[in-house]
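One structure below.
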Amino acid sequence: MPRPDLKALGVNYRRIPVMAIGRDIYCDTRIMLRKLEELFPNSPLRASTSEKKAIEKFLEVWTIEAGIFVRASQLIPTNMPLLNDPKFTKDREDFSGRSWNKDQIAANRPEALAAIRNGFKFLETTVLADGRQWVLKTDRPTLADIEAIWPFDWLNGLKGALPRELISEKQYPLVFAWMARFNKELQEAKAQRPKPASLKGDVAVQRILSAGFAQKGPGVDIDDPLAFQHGTEVEVFPTDSGTKHHDRGRLVGLDEDEVVLSIQTQGRELRLHYPRTGFRVKALRPGSHARL
Ligand SMILES: N[C@@H](CCC(=O)N[C@@H](CS)C(=O)NCC(=O)O)C(=O)O
């Protein structure tokens, strides 16, 4: 924070990353990955069978909603110079809703470490136990690998986060070999891809505002438990972190997977897309919205 480019778009959601495809803005990697997979259906990343899709989904839920990422973030080393900057710690508190006092972080560390160590053991003794190269026994990494690997790989690269006497190649050889393989594949993929263009924020904002929509919305499901009508004025915000940053607008999409909010910015409509779980949708005028 601050996020001037998102502000110029009228987006209050504070977390990163955010993806724009035309005037459709996607908040949260869970919905971004899904949309990218829809847009590139021949992509070799998505799982091919319902059983494999289930594993992919469980791994997403495990790392994001079941708390692996939160535990990983609690292992940020307390000797990081930034933790002495009150502006930084205040911002982290606004983001996470918990204390970033060094002593409290240190006191919480054993519990967080136990959760992460449990995660390493789980991967070592189940998912990777038969010596497979990739989570779904494919020739190349798939989305299931991505869903599982990122918090562990992040911690592995964050100096001082993992005590090596407890968590290393020695105790978890299969997990560490998998992370090394993944990073090698990633470097090779990066070397082969077309070079992405970088845009200044204001240019990106204008490009987004003058674009068309990338997709048709899902519509507002009449069976959704919220029983909201299309067009109800609502606010949407995450319930796990960044919870104080609410977007307000008209509800134009709601189903089992997705929430879509329509906002107006500089006279143009933008549609903000969020995953259905982990976000709250609240009517701005309680009582005025109900269909029933
Ligand atoms: N579930 C969200 C989590 C996003 C998230 O926690 N992002 C963190 C970085 S990993 C963030 O935005 N930090 C910057 C901030 O302070 O707002 C997702 O998968 O996109």
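The values are calculated or read from the model by the stated rules, or taken from the named source; none is laboratory data. Model, not experiment: these values are computed from the prediction. We place every Cβ from the backbone using ideal geometry, glycine too, and count neighbours over all the protein chains shown. Side chains included, ligands, DNA and RNA excluded: accessible areas come from the protein's heavy atoms. Shrake-Rupley method; radii C 1.70, N 1.55, O 1.52, S 1.80 Å.
Given Cβ point charges of +1 (Lys, Arg) and -1 (Asp, Glu) and nothing else, what value in debye, to the nearest 20, does the dipole of the chain about its Cα centre take?
Approximately 720 debye in magnitude.
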Notebook entry, point to check: Gln206 versus Lys190, label points 7 Å from Cα toward the beta carbon: distance in nm?
Noted result: 3.1
Margin query: Test of understanding: extend the Cα→C-beta vector of Asp139 to 7 Å, then name every residue of region 149-185 with backbone N under 19 Å from that spot.
Written below: 181-182, 184-185
Margin query: Can you give me the C-alpha center-to-center distance between region 153-213 and region 250-270, rounded to a whole angstrom?
Written below: 30
Next item on the list: Report the one residue of Thr126, Ser96, Gln171 whose Cα lies farthest in the direction of the positive end of the charge dipole of region 44-192 (charges on C-beta: Lys and Arg +1, Asp and Glu -1; origin at the Cα centre).
Entry: Gln171
Margin query: Using amide H atoms built in the peptide plane, which far-off residues or other-chain residues are under 5 Å from Glu258 H to H?
Written below: Arg276
Check: Which sequence of Met1, Met80, Met32 reflects their accessible areas, 1.4 Å probe, from the largest down?
Finding: Met1, Met80, Met32
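List, in the order given, every pair from Lys102/Lys200; Lys137/Lys184; Lys35/Lys90; Lys57/Lys137; Lys102/Lys190 whose Cα-Cα distance in the structure shown is over 26 Å. Walk me through the numbers before you get to the answer.
Values: Lys102/Lys200 36 Å; Lys137/Lys184 17 Å; Lys35/Lys90 34 Å; Lys57/Lys137 16 Å; Lys102/Lys190 37 Å.
Long pairs (Cα-Cα over 26 Å): Lys102/Lys200; Lys35/Lys90; Lys102/Lys190.
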Margin query: Output wanted: per-residue J couplings in Hz (rounded whole) for region 195-200, from phi through Karplus 6.51 cos²θ - 1.76 cosθ + 1.60, θ = phi - 60°, x for Gly and Pro.
Written below: 6, x, 7, 9, 10, 5
Next item on the list: Treat each spin label as a single point 7 Å out from the Cα along the C-beta direction, and report the Ala54 to Glu165 distance in nm.
Entry: 4.3
Note to self: Can you give me the accessible area per residue for the chain, using a 1.4 Å probe, in Å²?
What the structure shows: 56
Check: Setting aside same-chain residues fewer than 8 positions from Lys195, which aspartates and glutamates have a Cα under 18 Å from its Cα?
Finding: Glu185
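Roughly how many percent of the accessible protein surface of region 166-292 is carbon and sulfur, given a 1.4 Å probe and a whole-percent answer?
Details: 3800 of 7310 Å².
The value for region 166-292 is 52 percent carbon and sulfur by accessible area.
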